[in-house]
Structure formats: structure tokens, C-alpha cells
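The next block holds one structure in the form of C-alpha cells; read it before the comments.
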Amino acid sequence: MREKKAREMVKYFFTDEEKKEFGSSIAQAIKNKSSRELELKSVSTQIKSDIAREDANIDSLTEKIQSGYEYRGVECRLNYNVKKKLVYYIRIDDDETIIRTRGMRAEEIQDDLPIED
């Protein structure tokens, strides 16, 4: 009689030790999954925050392009016209553009009164 070897699928019953090892592996897999889910949540929150920041940047730049201007603080010198009781705010960078005009305050008018000894 001639013999050969072959491999067939048969039902195999796990030992208690193998089942215990599977249980430990499941517990570790659950722990790993929970950890990764927390990481995903954290990363997702960070990415959402990054996206929101970029959206705000896009909105700001779009507004600048559409309007063609923005408000910026510029250094001004104050020119007091005592006769008209007006104060002119003049841009220092071009030394001619009047940004705004306002009336002199009482203390500013007082500063220009002559002091008698």
C-alpha cells in the first residue's frame, strides 16, 4: 500500500490555556483600540481647530481683497489751531494727510493761555 501526506481541515477544540491566551489578547486589543480612539479624537479636535483657524484666515484675506483696504494704526502728529480751537491729526508718514479733526478740549485751550507773574 502506498502512502502520501495531506492536510485536511478538521474541527479543533482549544485548550483552557489557549482560551486564556485569547482572552488576554482580546483584553489587550480592547485597550489598544480605546487608546487609539482617544488619540483619534484628540487629533481630530486639533485638526478641526486648525481648519477653523485657516477658515478665519481665508475669510480675513477675502475681505481684504474684496474691500481693497483695512484699518491700521498710523503715527500722527497733532497740530493745534488755537484761533479755530481745532486739533488736526496729521499722518507722520506723508506729513500732509489729515486723518481727523476735533475741537480742542478745555485743558488744551488752557495750556495755550499766557501765564502772568
| query | Along the charge dipole of the chain, which of Ala29, Thr97, Val43 sits closest to the positive end, that is, farthest toward it, with unit charges on the beta carbon of Lys, Arg, Asp and Glu (+1, +1, -1, -1)? | reply | Ala29
| field | In the range 47-115, chymotrypsin sites (Phe, Trp or Tyr not before Pro) in a DSSP loop with at most 16 other beta-carbon atoms within 10 Å | value | Tyr69, Tyr71
| Please state the relative contact order of the chain as a whole percent: Cα pairs under 8 Å, 6+ residues apart? | 11 percent
| task | Classify the chain as rounded, prolate or oblate from the Cα gyration tensor: take a ≥ b ≥ c as the square roots of its eigenvalues, call it rounded if a/c is under 1.5, otherwise prolate when a/b beats b/c and oblate if not. | result | prolate
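Quick note: the coordinates plus some simple rules give every number you see, no bench work behind them. Treat the numbers as computed from the prediction; the structure is a model and nothing was measured. In this analysis, Cβ positions are derived from the backbone assuming ideal geometry, glycine residues included, and neighbour counts consider all displayed protein chains.
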